Amino acid sequence: MSLSLIGIIFVQSFFINNSLENERKNFTRSVKRSLSFVSRAIEDYEYRDYFMKLRPYLNDDNKANSEIIKQLFIATEDDISNKTIVHRNTVLEERFKVPSLFFEIDADSFNISKLYSERVTEVYNNTNIDGVKRINPETRLREYSSLGALEMQMWEDALKTILKDIPVYRRITTKHVETLLKRELKDEGIDLDFEFAIYDDDLATKIQTQNFEKTEDAYGVYVFLDANKESSYKLYVDFPERKKYLYSSIIWMIVLSILFTAIILLAYAGAIYQLIRQRQISQIKTDFINNMTHEFKTPIATINLALDSIRNPKIINDQEKVKRYLGMIKEENKRMHAQVENVLRISKLDKNELNISKERLELHELIEDAITHVELIVEDRKGYVKTHLKADKSSVLANETHFTNVLVNILDNAIKYSDDAPKIDVYTENAGNNIIVKIVDQGNGMPKAVAKRVFEKFYREHTGNVHNVKGHGLGLAYVKRIVEDHQGHISVESEKGKGSTFIIKMPLIS
């Protein structure tokens, strides 16, 4: 069970860690893709911005210097139709002078070129008159078109070269970069606060948010690439709450995993506890049976010996000896009956079948009465029981018989567990609306581990097979149940070899 439980926890931990790693990779992939789009969008925006500034200078009203860059002639003879077809393709360059104010460069103006393609197709008829070949023009087709892709690339490369030395804060604004980042990240499904900055060769520029700090977790992409796809500018983005965001994506899986693992752990711990508890109960019951057997052996043996003696012809006619043996049989029978009654009494308490009626009583009187039950035994062993009844109020709601039995049980234990002459002191005092009773002995005492369990049913301190003290572990269990039934509380303080102190706290009645 332990190995299986450890294996389940390990597998779940591995699975959660693997899921988290996958989420981290997906997040990184989405961020890098967004940054790539942002980088391209920044360049496109800059290009479109300056192109719109140039457009007024490229209209038809603006005079341009034109020249032929290259001409291509292709002439073909069509023998079937007796025609000559001439193709001519001319690349024309139009040069414009444009002010440089919006480029913020040193020159007053600069020239830009716009390329066009002129395609002309001419068809001639071939005629032979008097053996002389003549060519007569028949049709002429002229087409003009802008060299779009080539022209665009040429302008773009030119602009990149011109803008390369302009400070980055004049090329883009922080707000614009933030807007682009938000848009692209949202398209990738990332709705998370971020900080960003553009660095120029590892030096921060003015384009950055207030709280940005460059860390190892920041994502970067080059911006403002030149014609050679190189740049000294790099855009960094950091997500302060990235870990929280990643964990939030698998939080329910983690919560459910922890919940079910906790349930399994509790069930497992409960099973182990019950196994240990059953083992302890089994041991306690075994000890109880051994103790009861030991205690029943003596009275049974005494009864058997008394009966055998009575059956002896020499004794059966001796009335005094017969009465003596019958008295012994009766006393031993009462002893066994009392032990059985203790067991039944505890059983009734467990089932709440023991009817305990309560009345107003003086606790001091109950203490004095309980002492009278044991004083002869104490005197016989040369000991004492002293009272220190200092409580001003001692009226309690209690059952006289059962509460007297409680006090007698505690006093009897103090006597039994004193190897020397028993020395017992009984104290009372008031504490608020309660009365405290302390029964202090100077007997053998008990270890703290035993003191914690001394009120458990059937529990007795293990002493091997030595039964130097009679009992079956029911007395103090009965005491605890009766005190609690009276809305009181009982505890014990003890140390091995230094005696014990039983403390009873009972509510007073006015």
Gained length - I356 relative to Q280, 0.36 nm times residue gap less alpha-carbon distance: 24.3 nm
Point-to-point label distance, R33-Y169, nm (Cα→Cβ direction, 7 Å offset): 3.5 nm
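Is there a pair in K393/K423; K393/K448; K285/K423; K358/K416; K297/K452; K314/K382 whose C-alpha atoms are over 28 Å apart, and which pairs would that be? Present the calculation step by step, with values, prior to reporting the outcome.
Details: K393/K423 26 Å; K393/K448 33 Å; K285/K423 32 Å; K358/K416 30 Å; K297/K452 31 Å; K314/K382 40 Å.
Beyond 28 Å between Cα atoms: K393/K448; K285/K423; K358/K416; K297/K452; K314/K382.
Could you rank H87, H402 by how accessible they are, 1.4 Å probe, largest area first? Intermediate results must be reported in sequence, preceding the final value.
On the way: H87 75, H402 25 Å².
These residues rank, largest area first, as H87, H402.
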Whole-angstrom gap from segment 175-244 to segment 479-498, using each part's C-alpha centre: 72 Å
Inter-probe distance in nm under a simple model that places probes 7 Å from Cα toward Cβ, at T261 and V123: 8.5 nm
Calculated FRET efficiency for the pair I377/K448, C-beta based, R₀ 22 Å, to 0.05: 0.15
Cβ-defined net charge surrounding V385, 12 Å radius [Lys, Arg +1; Asp, Glu -1]: -3
Two-site FRET efficiency, K498 against E216, from Cβ-Cβ distance with R₀ of 56 Å, rounded to 0.05: 0.30
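The values are calculated or read from the model by the stated rules, or taken from the named source; none is laboratory data. Here the structure is a predicted model, which means the values were calculated and not measured. Here the Cβ is made from the backbone with ideal geometry for all residues, glycine too, and neighbour counts use every protein chain on show. The area values use the complete protein model at the heavy-atom level, side chains included, leaving out ligands, DNA and RNA. Shrake-Rupley method; radii C 1.70, N 1.55, O 1.52, S 1.80 Å.
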